[in-house]
Amino acid sequence: MIYNIIAVDNANNKSSDSNPSTSVTPATTQIPTKPTAGTLPDMVSLRPFLVVGNATAVAGEASRGTLTYAFEVATDNVFANIVASITGTSEGASTNPTNWQVVDAGTDSTVLVDGTTYFWRSRANDGEFNGTWSDTTSFVAAAAKPLAVELATLTAISDRGLVVVEWTITRTDPAHAGFHVYRGRTADGEFEQLTEDLLTSVDATYRFVDGDVQVNQQYYYMIEAVNLAGGTERYNPVLLRVNAPATFALKQNAPNPFNPATTIRFELPGPTQVTLIVYNLLGQEVVRLLDHVAYQAGYHQIQWNGRNATGRSTASGIYVYRIAAGDFVQTKKMLLLK
């Protein structure tokens, strides 16, 4: 920083400027710390995102607490030949880190050349001083864009009427924001988006559970990578058939003990009419939850609200629930505890 000194009297008369002082470098404690450059793959697209970990503002200087960032990209590591740069980039947060896509600031056009090695750096500014440049990092720009995210595995399994989709990644672009999951009935047909919010992970392992499926049907699941600018990339879908239960089953209610309501689950290997009745320990019928109701094969559940057939609340105690589905009959106990 350069300083000039002038004199001003009470009549606001000003002297000529003094000779400029020698430059003054602020102490490192009086400027923002250097940001941390994100790690890029060895080869990136012609329009890559550069991501940095935020710098730290000077402590105790509230007026200088808001930081902006500058980025520079050059063909040499001393930045004598800068091909793209920007200043005033707003600071990001953990869910949307500080980043800049390398394009021409005026035209948004590509400025990088296929097969060329580039060097980049970034620094923060607090409105008064520039901070220290980040460590210099290099990358090779490529017209044949590599996948922003490289999948290691992608599987879908059927688990008691649910579909569990899991995938892992081995490489990701720093600008990767997360994934969406899609489902279709055919590999080349329409896919519906199942996720509202992006799925993220801290250990490169992702999981999504789909409960809106029918047994004895097949589904295709596809994942889509989304970057910070909203760009997307989809991956080949995986096929799964949701199997029906192999046998009849009546499950233990949950929660148990319960108050005021509990859920009873049962499994049917084929289409069946189901009757489900709750009794007290005297063998008296308390309420008929299902009465010869037709169900398809699959995993089903029904809730009991702790009331009898007239709608009155029942007393605390042990109750028995009994299912009859074709030739399958089974009973279990549950505890209502108020």
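The values are calculated or read from the model by the stated rules, or taken from the named source; none is laboratory data. None of the values given here were measured: they were computed from a predicted structure. Cβ sites come from the backbone with ideal geometry, for glycine too, and all protein chains shown count toward neighbours.
A quick yes/no check of all residues on (1) among the hydroxyl-bearing types (Ser, Thr, Tyr); (2) free of Cβ contacts under 8 Å to residues at least 24 places away in the same chain; (3) on the phi < 0 side of the Ramachandran plot:
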{"site": "Val238", "(1), (2), (3)": "no, no, yes"}
{"site": "Leu250", "(1), (2), (3)": "no, no, yes"}
{"site": "Thr263", "(1), (2), (3)": "yes, no, yes"}
{"site": "Leu268", "(1), (2), (3)": "no, no, yes"}
{"site": "Gln296", "(1), (2), (3)": "no, no, yes"}
{"site": "Ala309", "(1), (2), (3)": "no, no, yes"}
{"site": "Gly317", "(1), (2), (3)": "no, no, no"}
Please state which of the following conditions Thr153 fails to meet, knowing it meets all the rest: (1) touching a residue at least 24 places away in the same chain (Cβ under 8 Å); (2) not assigned by TED's automatic domain parsing to the domain that holds Pro41. (1)
Can you give me the number of residues within the range 2-23 that are at pLDDT 65 or above and within 23 Å of Thr132 (Cβ to Cβ)? 0
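Give me the residue from the range 138-150 that is modelled with pLDDT of 75 or more and surrounded by 17 or more Cβ atoms within 10 Å (Cβ to Cβ) and, out of that set, nearest to Pro237 (Cα to Cα). Quick ask: steps written out before the conclusion?
At the first step, the residues of the range 138-150 found to be modelled with pLDDT of 75 or more are 138-143, 149-150.
Now drop any that are not surrounded by 17 or more Cβ atoms within 10 Å (Cβ to Cβ), which leaves 139, 141-142, 149.
On the way: Phe139: 31, Ala141: 29, Ala142: 27, Val149: 15 Å.
It comes out as Val149.
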Do you know which of the residues in the range 184-227 that are small (Gly, Ala, Ser) and touching an Asp or Glu at 6+ places or on another chain (Cβ under 8 Å) is farthest from Pro245 (Cα to Cα)? Ala225
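What strands (runs of 3 or more DSSP E), lying completely within the range 254-338, carry at least 1 residues that are among the β-branched types (Val, Ile, Thr) and surrounded by 14 or more Cβ atoms within 10 Å (Cβ to Cβ)?
Numbers: elements: 262-268, 272-280, 285-295, 298-304, 317-325, 328-336.
Of the strands (runs of 3 or more DSSP E) lying wholly inside the range 254-338, those with at least 1 residues that are among the β-branched types (Val, Ile, Thr) and surrounded by 14 or more Cβ atoms within 10 Å (Cβ to Cβ) span 262-268, 272-280, 285-295, 298-304, 317-325.
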In the list Val165, Val181, which residue meets the criterion of being at pLDDT 85 or above, crowded, with 17+ Cβ neighbours inside 10 Å and within 14 Å of the chain's Cα centre (by Cα)? Val181
Single residue of the range 197-225 satisfying the filter (β-branched (Val, Ile, Thr) and touching a Pro at 6+ places or on another chain (Cβ under 9 Å)) that is surrounded by the fewest Cβ atoms within 10 Å (Cβ to Cβ): Val215
